[in-house]
Amino acid sequence: MPKKKVIAKIKQLTQSERFKDSLAIFLSFILQLLVQGIYFIILARTFAPEKYGAYVGIVAIVSILIPFASWGSEQIIIQNVSRQRSLFRESWGTGILKTLIFGSLFTSLILIVYSFFPIPGISIQVVFVVALANLIFLRLNDLVRDSFVGIGMLDYTAKIMFLVSVNRFFFLLVLITLYDNPSILAWTIIYCIATFLAAVMSTYLLVKQVDYPKFVLAKVKEDLKLGFSFAIGISAQTIYNDIDKSMLAKLSTLESAGIYGAAYHILNVSFTPILSLAMASFRNFFQQGASGIKSSFELCKKLLPMSVGYSLLAIVGLAIFAPLVPLILGSEYRDSATALMFLSPSIFFRTMHIFAADTLTGADLQKVRSGSQVLVAMINGLLNYWLIPLYSWRGAIWATLISECLLMIVLWSAVYLYSRKSA
């Protein structure tokens, strides 16, 4: 391709609305991850692998129910508002009602189940505080974040994303200032307060910039079916992303959970550019998909080449970076370097299946996406149950790689079949 055409193509790309939105979210992610990285290092060094593994384990358990706490309201808001702006007030208000109802319900359910099946070293008070923070306060904050996504004000989405991390980091500094050897309960209380304040501030920002929510109790019942379809898919995704950490804490050791959790955290950081592009494009998938999967697939094909190229570079970068992990986190985490290198191919699998999944969702085929994710989550759970007792964190890595690859194959098969059917 001639040099002038390449320059023109790059200029066209950088001036596009999607690029600017992706850049805003990416910069927010980077700032967020810088802050998260600092308090991640502080937490890892403060708690050591055993305590940190216990904390990772309980957060992973609660995270499985996070999508059900708002019953898929975030995705419904994006779908409704991206296609019809006038539905904003009612969609947001319904989301708030569902979060308060289902968040309280699942917090109670977690406490009941945990009282019968506790994790050693984790009190039920810790579980309650983490559930309150993540199932209610964080969900209310995420409703605001995705309301801005649906409206198309992604610069405010970026601010909301950064706000939560800044609050948590500030309160973590308060914690380590007040206590020489803080407990997990002390940290989770600080974590909860920071998340609550972030929800209050973000809600104020949305009201100021857009409008007040409108509460219609009848809409809660109307949205249950669609909301469940979104929630079950996201919950399944959370399961195959996080259940391995909980199972490591239960079936192996807290130290192995800490080693694996540290490697997984670094892996998530490297996936940030792809996640930014996917978030910035999500409302576009709904807009394009309103006319069928053929249109949403065309958008997918535009986004995929550059994303795949980045994923391959990221895998190489992680292999180079991995030996530095114990120098940054401490010698106790030397096995995390090995775990990171073996986990790195999952970036490619994630990149491939995230855009296939959004292609299906945008074309109103969320049930197909959710069904695929539930299937893979079940397989992932079985693989972890089999491999972790035998190989500890190495078994969790193999379960992750197999599951991510399988999900990629299943979702792309669905895209292909429905595209052919549509044609």
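Of all residues in segment 281-301, those that are loosely packed, with under 13 Cβ neighbours inside 10 Å and in a helix (DSSP H, G or I) total 2.
For (1) in contact with a Gly (Cβ under 6 Å, 6 or more places away or on another chain); (2) of a type outside the set (S, T, N, Q); (3) closer than 19 Å to Ser413 by Cβ, each residue gets a yes or a no:
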| residue | (1), (2), (3) |
| --- | --- |
| Ser296 | yes, no, yes |
| Cys300 | no, yes, yes |
| Pro305 | no, yes, no |
| Gly317 | no, yes, no |
| Phe321 | no, yes, no |
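Looking across segment 386-417, the residues that are farther than 24 Å from Ala231 by Cβ and in contact with a helix residue (DSSP H, G or I) (Cβ under 7 Å, 6 or more places away or on another chain) come down to Leu387, Ile388, Pro389, Ser392, Trp393, Gly395, Ala396, Ile397, Trp398, Leu401, Ile402, Cys405. Picking from residues in segment 224-237 that are of a type outside the set (Lys, Arg) and open to solvent by 20 Å² or more (accessible area, probe 1.4 Å), the one that is nearest to Asn380 (Cα to Cα) is Gln237. Remark: Ile379 matches the filter, which requires a residue to be over 16 Å from Ala278 (Cβ atoms) and part of a helix (DSSP H, G or I).
Comparison of Leu175, Leu226, Leu163 shows that the only residue that is part of a helix (DSSP H, G or I), farther than 23 Å from Pro67 by Cβ and out of contact with any Cys (no Cβ under 8 Å at 6 or more places or on another chain) is Leu175. Taken together, the residues in segment 186-223 that are open to solvent by 60 Å² or more (accessible area, probe 1.4 Å), of a type in the set (A, V, I, L, M, F, W, C) and part of a helix (DSSP H, G or I) amount to 8.
For segment 382-423, filtering for residues that are basic (Lys, Arg) and either outside any helix (DSSP H, G or I) or farther than 19 Å from Gly261 by Cα (or both) leaves 2.
Yes or no, residue by residue, for (1) open to solvent by 10 Å² or more (accessible area, probe 1.4 Å); (2) modelled with pLDDT under 85:
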{"position": "Phe321", "(1), (2)": "yes, yes"}
{"position": "Ser346", "(1), (2)": "no, no"}
{"position": "Thr351", "(1), (2)": "no, no"}
{"position": "Gln366", "(1), (2)": "yes, no"}
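Report the residue count in segment 258-280 for those that are under 23 Å from Ile77 (Cβ atoms) and open to solvent by 20 Å² or more (accessible area, probe 1.4 Å). Residues flagged as under 23 Å from Ile77 (Cβ atoms) and open to solvent by 20 Å² or more (accessible area, probe 1.4 Å) within segment 258-280 amount to 3.
If we scan segment 401-415, do we find a residue that is more than 22 Å from Phe271 (Cα to Cα) and touching a residue at least 60 places away in the same chain (Cβ under 8 Å)? Yes, that holds for at least one residue.
The conditions of being assigned to a helix (DSSP H, G or I), within 30 Å of Ile41 (Cα to Cα) and not polar (S, T, N, Q) are not met by Phe355. Tallying residues that are under 15 Å from Ala199 (Cβ atoms), open to solvent by 40 Å² or more (accessible area, probe 1.4 Å) and not charged (D, E, K, R) within segment 138-155 yields 0. When you look at Gly93, is it under 15 Å from Val220 (Cβ atoms) and buried (at least 23 other Cβ atoms within 10 Å of the Cβ), yes or no? When the stated conditions are applied, Gly93 does not pass them.
The values are calculated or read from the model by the stated rules, or taken from the named source; none is laboratory data. Since the model is a prediction, treat every value here as computed from it, not as a measurement. Ideal geometry is used to build each Cβ from the backbone, glycine not excepted, and the neighbour counts take in all protein chains shown. Quick note on the areas: whole protein, heavy atoms, side chains included, nothing else; ligands and nucleic acids left out. Shrake-Rupley method; radii C 1.70, N 1.55, O 1.52, S 1.80 Å.
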